Amino acid sequence: MARQERAIRTRRAVLEAAAEVFAEFGYEAATITMILDRAGVKKGALYFHFASKEELALGVLEHAVTEPPPEQLLKLQTAVDMGLVLAYRLPREPLLRASARLAADQNARHFFGEPWNEWVRVMTTQLTEAKERGEVLPYVDATATAEMLVGSFNGIQMLSQAVCQMADLETRISRMYDLTLPAIAAPAILGQIDTSPARGLALYEQQQKELAESPDSNDSEDGEDAQDRLSA
């Protein structure tokens with residue numbers, strides 16, 4: 001059991017070190033030597049878990065999972081909450097931050113395809129439902145709007161990273177919604193949407209509490225899986 005636990009800790013240390021290096025340097029510039037130095041493990045320990053840099057990147061992407069934010073009465077609020085929670089988490093979670101960097105890295109896209117399609121798809125579904133409920137203006141194209149919001153988020157994220165290591169990402173994303181929502185939200189709904197920068201933290205804490213209390217979070221999970229669920 002002690003050997004298994006040590007292997008789990010080593011694998012986690014390698015993944016987190018790889019995430020930090022990928023987030024800082026990108027896929028192409030990152031090297032196994034950088035990751036070994038950051039993780040503080042020997043080459044044999046790394047290659048026991050991951051055969052190549054590509055496998056490491058795939059491991060980072062696999063573990064940088066996200067949970068949907070708590071469902072709200074207004075579907076448009078739920079759509080906004082996705083961005084606010086992500087803006088809170090990105091500066092604080094190396095695995096998630098590295099996943100975003102890899103998704104934007106043209107040199108890494110050959111092994112995970114089009115990275116933004118799923119986010120656009122989910123956002124399109126939410127905006128379509130919001131439109132059906134009268135929360136979104138009738139002339140709004142849900143798919144085009146979803147693509148614009150996802151693209152804007154990623155551009156703002158990269159700008160915030162370059163300027164201040166994402167220290168102001170929550171404020172910038174809040175401002176993005178303040179500027180875009182008047183063009184898509186029904187006037188009666190607009191004043192009910194909360195876009196405050198602090199909302200991401202509050203929703204994240206609520207999310208973690210619900211995950212911890214979920215029947216799915218039981219003793220049958222091994223240590224690594226449980227840690228991944230709560231930290232990724």
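The values are calculated or read from the model by the stated rules, or taken from the named source; none is laboratory data. Keep in mind the model is a prediction, meaning the values are calculated, not measured. Counting neighbours? That spans all protein chains shown, and the Cβs are built from the backbone with ideal geometry, glycine included. Note: accessible area is taken over every heavy atom of the protein model, side chains too, but ligands, DNA and RNA are not part of it. Shrake-Rupley method; radii C 1.70, N 1.55, O 1.52, S 1.80 Å.
Round to the nearest 0.05 the FRET efficiency obtained for ALA7 and GLN208 when R0 = 30 Å and r is the Cβ-Cβ distance. Present the calculation step by step, with values, prior to reporting the outcome.
Numbers: r = 27 Å, r/R0 = 0.89.
My answer for the efficiency is 0.70.
Taking the Cα centre of the stretch 142-210 as origin and charging only Cβ (+1 Lys, Arg; -1 Asp, Glu), how large is the dipole, in debye to the nearest 20? If you can, show how the numbers build up before the last one.
On the way: 4 positive and 7 negative charges, 14 e Å.
The calculation lands at about 60 debye.
What accessible area per residue, rounded to a whole number of Å², is obtained for the stretch 1-85 using a probe radius of 1.4 Å? Walk me through the numbers before you get to the answer.
On the way: 4300 Å² over 85 residues.
With the other protein chains kept in place, the stretch 1-85 gives 51 Å² per residue.
Per 0.36 nm of contour for each residue apart, how much would the distance between ALA183 and LEU159 grow if the chain were fully extended, relative to their Cα-Cα spacing?
On the way: separation 24, 0.36 × 24 = 8.64 nm, distance 2.34 nm.
In short, 6.3 nm is gained.
Work out, step by step, the length gained on full extension between GLU62 and PHE25: first 0.36 nm times the residue separation, then minus their alpha carbon distance; give nm to one decimal.
Numbers: separation 37, 0.36 × 37 = 13.32 nm, distance 1.94 nm.
Going from the current span to full extension adds 11.4 nm.
Take ARG175 and ALA51, extend 7 Å from each Cα along the Cα→Cβ direction, and tell me the distance between the two endpoints in nm.
Inter-label distance under the simple model: 4.7 nm.
Given R₀ = 25 Å, what would the calculated FRET efficiency be for ASN117 paired with ASP37, taking r from the Cβ atoms and rounding to 0.05?
Numbers: r = 35 Å, r/R0 = 1.39.
The calculated FRET efficiency here is 0.10.
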